[in-house]
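> Input: one structure, supplied below.
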């Protein structure tokens with residue numbers, strides 16, 4: 001199907017079913033393996049969900065330093081904390097494909113706004 005034969009989306013509609021953001025900056029996530037999590041998530045999501053159903057992007061600091069790597073999935077507004085490369089397949093299969101968030105990885109006991117772990 002070419003772009004000309006694809007149905008036109010409603011104004012304001014997102015072009016992807018889900019959008020995944022992996023925190024890649026700030027003081028902590030980069031040192032906790034965020035680059036590897038992003039690469040694995042991007043590759044597996046593309047293989048499993050196709051090139052347009054899910055978009056995986058690097059994000060700037062998500063303001064949750066010390067809880068990462070942080071991964072958030074929209075439109076559900078689900079946030080995962082402490083994600084490791086070994087967790088990526090479960091997130092892709094259960095959440096991105098199956099629509100069921102991975103309970104054990106959900107960000108917990110936080111409050112609205114920044115939740116930065118104080119150093120030291």
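Laboratory data are not the source of any read-out in this text; all were calculated from the coordinates shown. All values derive from a computational prediction rather than experimental measurement. Note that each Cβ is placed from the backbone with ideal geometry, even for glycine, and that neighbours are counted across all protein chains shown.
> Could you work out the mean projected area of the convex hull around the alpha carbons of the range 55-111, in square nanometres to one decimal?
Projected area, direction-averaged: 4.1 nm².
> Suppose each label sits 7 Å from its Cα in the direction of the beta carbon; what would the residue 47-residue 76 distance come out to in nanometres?
Going from the residue 47 label point to the residue 76 one covers 2.1 nm.
> Any idea how far the Cα center of the range 3-54 sits from the one of the range 64-88, in Å?
Centre-to-centre (Cα) distance: 13 Å.
> Another one. At 0.36 nm per residue, minus the direct Cα-Cα distance, what do residue 116 and residue 85 gain on full extension? Give it in nm, one decimal, please.
Working it through step by step, the gained length comes to 8.9 nm.
> I would also like to ask the following. Per residue of the chain, what 222 nm ellipticity follows from adding -39500 (n - 2.57) for every DSSP H run with n ≥ 4, rounded to the nearest 500?
Value at 222 nm, helices only: -4500 deg cm²/dmol.
> Measure nothing fancy, just the Cα-based angle from helix 34-49's long axis to the longest principal axis of the chain, in degrees from 0 to 90, nearest 10.
Once rounded, the angle reads 30 degrees.
> How big is D for the chain, in µm² s⁻¹ as a whole number, if Stokes-Einstein is applied with the Kirkwood radius of its Cα pairs at 25 °C and 0.890 mPa s?
Numbers: Rh = 15.0 Å.
After rounding, the answer is 163 µm²/s.
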